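Chemist: One structure, as structure tokens, below. Some questions next.
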Amino acid sequence: MMKITRLALVGLLVAFVAAQFFRSPRNAGTAEGPSSVGAVHPVPAGVRQILARACYDCHSNATRYPWYAAVQPVGWGLNHHVTEGRRELNFSEFAAYDARRAVRKLRHVADEVSERKMPLKSYLLLHREARLTAADIALVSRWAEELADRLESR
Ligand code: HEC
């Protein structure tokens, strides 16, 4: 019995060490380049600052990685969020969205933020700086709704 337990522990340790050699590619581009939301739409400084601190890690081309992202399997889990988040909504590529998609995404931004579904709860546990106040939520959702209205009336 003891022997099996020891073998299992050694197996786990070997797997953990081996896992360190399999790193996910990093999302290390430019958040606010020529295709970003701010390049084609008005984004007031206050809104931009909130998006940068609370959303860009998963919804832009530039993630600020914490040290533990270098430890697998934590890094894999983190990469999964970044990949999925960017696929759903990427503020760095927002200029490429057609008007219908842009409007839909902006409405979702207002909804998700107002219902406190974004930023993700698990993320907020480790990123206190990303917590949104009621004023932050009001500012972001008003901006998103107003921009969506304007794009729709074009
Ligand atoms: C830790 C990563 C992370 C952060 C930070 C984050 N999101 Fe997300 N977001 C995701 C993931 C993953 C999804 C897709 C799965 C889901 O909906 O839960 C998503 C989905 C969304 C969607 C849905 C898109 C659609 O078309 O339905 C919106 C809108 C959104 N996020 C807005 C935001 C906003 C605004 C912020 C900042 C206030 C933010 N998110 C912060 C990871 C994140």
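Chemist: Against the empirical 2.2 N^0.38 Å scaling, what ratio does the C-alpha Rg of the range 21-104 come to?
Modeler: 1.16
Chemist: Right, here's the next one. Treat the count of other C-beta atoms within 10 Å as a stand-in for reagent exposure and order LYS117, LYS105, LYS3 from fewest to most.
Modeler: LYS3, LYS117, LYS105
Chemist: Taking the chain as a Gaussian network, Cα atoms linked when under 10 Å apart, which of ALA138, ALA52, ALA62 shows the biggest mean-square fluctuation?
Modeler: ALA138
Chemist: What's the FRET efficiency of ARG131 with ARG104 using the Cβ-Cβ distance as r and R₀ = 25 Å, to the nearest 0.05? Walk me through the numbers on the way to the answer.
Modeler: On the way: r = 26 Å, r/R0 = 1.05.
The computed FRET efficiency comes out at 0.40.
Chemist: Still on this structure: Taking just the alpha carbons, could you work out the radius of gyration and Dmax for the range 60-104, both in angstroms?
Modeler: Considering the range 60-104 through its Cα atoms, Rg and Dmax are 13.3, 40 Å.
Chemist: Here is a further query. Would you work out the relative contact order for the chain, in percent, from Cα pairs under 8 angstrom that are 6 or more residues apart? Could the numbers behind the result be given before it?
Modeler: Details: 145 pairs, mean separation 41.5, N = 154.
Relative contact order comes out at 27 percent.
Chemist: Within the range 49-76, name every residue whose backbone N is under 15 Å away from a label modeled 7 Å from Cα of ARG23 along the Cβ vector.
Modeler: 63-76
Chemist: Once Rh is set to the Kirkwood radius over Cα pairs, what Stokes-Einstein translational diffusion coefficient, in µm²/s, holds for the chain at a temperature of 37 °C and a viscosity of 0.692 mPa s?
Modeler: For the chosen part, D equals 190 µm²/s.
Chemist: Give me the number: length gained by fully extending LEU151 to VAL71, i.e. 0.36 nm times residue separation minus the C-alpha to C-alpha distance, one decimal in nm.
Modeler: Using 0.36 nm per residue and subtracting the Cα-Cα distance, I get 24.5 nm.
Read-outs throughout are calculated quantities, based only on the coordinates presented, and are distinct from any laboratory measurement. This is a predicted model, so every value here is computed, not measured. Backbone-built Cβ (ideal geometry, glycine too); neighbour counts: all protein chains shown.
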